[in-house]
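Notes follow once the structure below has been shown.
The values are calculated or read from the model by the stated rules, or taken from the named source; none is laboratory data. Treat the numbers as computed from the prediction; the structure is a model and nothing was measured. Reconstructed Cβ throughout: ideal geometry from the backbone, glycine too, with neighbour counts over all protein chains shown. When the accessible area is computed, the model is the full protein with side chains, heavy atoms only, and any ligands, DNA or RNA have been set aside. Shrake-Rupley method; radii C 1.70, N 1.55, O 1.52, S 1.80 Å.
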Amino acid sequence: MSAIGHEGSAMQRRLPLPEFIAMLAFLFATIAFSIDAMLPALPEIAAELTPENVNRAQLILTAFVAGMGLGTLFAGPISDAIGRKPAMTLGFGIYIGATIAALMAQSLEMLLLARFVQGLGASGPRIVGLALVRDLYQGREMARITSFVMMVFILIPAVAPALGAGFIWMAGWHGVFLAFLLFALIGAGWLNLRQAETLPSERRRPLRAGTLAAAAREVLSDRQVMFCTLILTLGFGQMFGLLSSAQQLFGEAYGKGASFPAWFALMALLSGSGTILNAVFVVRFGMRRIAKWAYAMQTCVSGAMLVLLMGDLLPEPLKFPAFFLWAVSVFFMAGVTFGNLNALALQRMGHIAGMTASIVSAISTLAAVLIAAPVGLLYDGTALPVVVATLACSGLALWLMRFLDD
């Protein structure tokens, strides 16, 4: 396996490959933890800060995602100019400051603002981490490595709600933010103590308007990159839509509120097998083919689920098992597709990997919020809104896959 990309000689990292993957997985896991660990805290936050409209508590999730989406516009170009490690460290600094602000928030509005800024900071490790991998790998090799990273990223939700519930038990909903602070300090320390810089000074691109505009035009005019971005938008949108309603669906619609962390953990563990399968088979079958199969599977499964819900065809004992298996399929699809689509988008863009990762992630994340926020607010006590949204997103993504090259 090649240790450097074809666009020149990157600085050699000090880490052996297993630790390199583990470090990246931890950095990505910090982002997943920042979303999923909030789920068990939402009822307490709603009761304390917005008792008149408990659905508003869901905005705590989408505020973070929106901030992360906006931050991705800047994280990549900054890393192209100053290097990967300084850009990621800056992101961690913003994240830590916002976490402290959230700990002191006395209103929902202040908490939402802190979560938005927290998302801005999280965009650093998320986006620059992808560029760091692209500095060293390309094509199917990159997809294979990102699959292992995404495996941990997807498995983190298996323990995030349980860990979040533990911190809530010890310190109320503020305890979740203490956990975020701990994760960020560990991640920043690991990165700075162990990882060598991967972007040498001669390959950096200055933060000048003309240079940035030229790079952005190159990314936005690339057909492959833009189709990957649209497909990622649909994938993130349906996944965030399910996350926004997960606590209410498990607790209210199916009466599993007390055991929600355990069910969520099982769901994440089962869906994590998708990243393992992708890492095993992506070199053989290719990124595009596997992603296409995944969206075809999700379209069929969601279509069947919609028929069952609308026709009320399931007996009472089978309603929750059917919903649970369908939810597993949504996260399974994410594990199979996200690493492949990011690798496809970056395949020809190694010379501007930071800018490309920023634009792809910014558009896909911000547009996904426009899908997920209405889906969460349309919650009506059933899974129907999120199933309809998932069917529409997967069906459109499957149609768009025909325009991609492998």
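Taking region 333-368, which residues are within 15 Å of residue 65 (Cβ to Cβ) and open to solvent by 10 Å² or more (accessible area, probe 1.4 Å)? Walk me through it before giving the result.
Looking only at region 333-368, we keep the residues that are within 15 Å of residue 65 (Cβ to Cβ), and these are 334, 338, 361-368.
Answer for region 333-368, where residues must be within 15 Å of residue 65 (Cβ to Cβ) and open to solvent by 10 Å² or more (accessible area, probe 1.4 Å): 363, 366, 367.
A single entry from 209, 253, 214, 184 fulfils the requirement of being of a type outside the set (Ser, Thr, Tyr) and touching a helix residue (DSSP H, G or I) at 6+ places or on another chain (Cβ under 7 Å): 184.
Can you confirm whether residue 215 is open to solvent by 70 Å² or more (accessible area, probe 1.4 Å) and over 14 Å from residue 341 (Cβ atoms)? Answer is no for this residue.
Within region 260-281, does at least one residue satisfy the condition of being without any contact (Cβ under 8 Å) to a residue 40 or more places away in the chain and either within 21 Å of the chain's Cα centre (by Cα) or open to solvent by 50 Å² or more (accessible area, probe 1.4 Å) (or both)?
Let us first name the residues in region 260-281 that are without any contact (Cβ under 8 Å) to a residue 40 or more places away in the chain, namely 280-281.
If we keep only those that are either within 21 Å of the chain's Cα centre (by Cα) or open to solvent by 50 Å² or more (accessible area, probe 1.4 Å) (or both) as well, we get 280-281.
Looking for residues that are without any contact (Cβ under 8 Å) to a residue 40 or more places away in the chain and either within 21 Å of the chain's Cα centre (by Cα) or open to solvent by 50 Å² or more (accessible area, probe 1.4 Å) (or both), one finds at least one in region 260-281, hence yes.
Against the list (1) over 22 Å from residue 343 (Cα atoms); (2) surrounded by fewer than 19 Cβ atoms within 10 Å (Cβ to Cβ), the condition residue 226 fails is (1). When region 389-405 is filtered for residues that are assigned to a loop (DSSP other than H, G, I, E, B) and either crowded, with 16+ Cβ neighbours inside 10 Å or free of Cβ contacts under 8 Å to residues at least 40 places away in the same chain (or both), only 404 remains.
Determine whether residue 91 is open to solvent by less than 40 Å² (accessible area, probe 1.4 Å), assigned to a helix (DSSP H, G or I) and within 19 Å of residue 342 (Cα to Cα).
Values: open to solvent by less than 40 Å² (accessible area, probe 1.4 Å): yes; assigned to a helix (DSSP H, G or I): yes; within 19 Å of residue 342 (Cα to Cα): no.
Judged against the criteria, residue 91 is not a match.
Can we say residue 150 is within 15 Å of the chain's Cα centre (by Cα), closer than 22 Å to residue 224 by Cβ and in contact (Cβ under 8 Å) with a residue 12 or more places away in the chain? Spelling it out, residue 150 is indeed within 15 Å of the chain's Cα centre (by Cα), closer than 22 Å to residue 224 by Cβ and in contact (Cβ under 8 Å) with a residue 12 or more places away in the chain.
For every residue, the table says whether it meets (1) open to solvent by 10 Å² or more (accessible area, probe 1.4 Å); (2) farther than 25 Å from residue 94 by Cβ; (3) in a helix (DSSP H, G or I); (4) not charged (D, E, K, R).
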| position | (1), (2), (3), (4) |
| --- | --- |
| 117 | yes, no, yes, yes |
| 121 | no, no, yes, yes |
| 135 | no, no, yes, no |
| 143 | no, yes, yes, yes |
| 148 | yes, yes, yes, yes |
| 160 | no, no, yes, yes |
| 167 | yes, no, yes, yes |
| 181 | yes, no, yes, yes |
| 207 | yes, no, no, yes |
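Among the numbered conditions (1) buried (at least 24 other Cβ atoms within 10 Å of the Cβ); (2) hydrophobic (A, V, I, L, M, F, W, C); (3) at pLDDT 90 or above, the only one that residue 65 does not meet is (3).
Contact map, region 26-47: residues that are without any contact (Cβ under 8 Å) to a residue 12 or more places away in the chain paired with residues that are in a helix (DSSP H, G or I) and open to solvent by less than 10 Å² (accessible area, probe 1.4 Å), Cβ distance under 6 Å, separation 6+ or inter-chain. Pairs shown: 46/57.
Scanning region 73-88 for residues that are of a type in the set (Lys, Arg) and crowded, with 20+ Cβ neighbours inside 10 Å turns up just one, 84. Checking each residue in region 231-286 for being among the polar types (S, T, N, Q) and modelled with pLDDT under 90 picks out 244, 245, 247, 248, 259, 271, 273, 275, 278.
Evaluate the following for residue 96: is it hydrophobic (A, V, I, L, M, F, W, C), in contact with a helix residue (DSSP H, G or I) (Cβ under 9 Å, 6 or more places away or on another chain) and either open to solvent by 10 Å² or more (accessible area, probe 1.4 Å) or not in a helix (DSSP H, G or I) (or both)? Criteria met by residue 96.
Is it the case that region 138-151 has a residue that's of a type in the set (Phe, Trp, Tyr) and in contact with a Phe, Trp or Tyr (Cβ under 9 Å, 6 or more places away or on another chain)? Taking every residue of region 138-151 in turn, none turns out to be of a type in the set (Phe, Trp, Tyr) and in contact with a Phe, Trp or Tyr (Cβ under 9 Å, 6 or more places away or on another chain).
Pick from 42, 70: which is out of contact with any Lys or Arg (no Cβ under 7 Å at 6 or more places or on another chain), in a helix (DSSP H, G or I), open to solvent by less than 30 Å² (accessible area, probe 1.4 Å) and at pLDDT 85 or above? Outline the logic, then answer.
Working: 70 fails: open to solvent by less than 30 Å² (accessible area, probe 1.4 Å).
The match here is 42.
Scanning region 369-388 for residues that are open to solvent by 20 Å² or more (accessible area, probe 1.4 Å) and either more than 18 Å from the chain's Cα centre (by Cα) or of a type in the set (Ser, Thr, Tyr) (or both) yields a count of 10. The conditions of being out of contact with any Ser or Thr (no Cβ under 8 Å at 6 or more places or on another chain) and assigned to a helix (DSSP H, G or I) are met by residue 176.
Suppose we filter region 48-75 for residues that are without any contact (Cβ under 8 Å) to a residue 24 or more places away in the chain and among the polar types (S, T, N, Q); how many remain?
Step one: list which residues in region 48-75 are without any contact (Cβ under 8 Å) to a residue 24 or more places away in the chain, which gives 51-54.
Okay, now just the ones that are also among the polar types (S, T, N, Q), so 53.
Number satisfying all stated conditions: 1.
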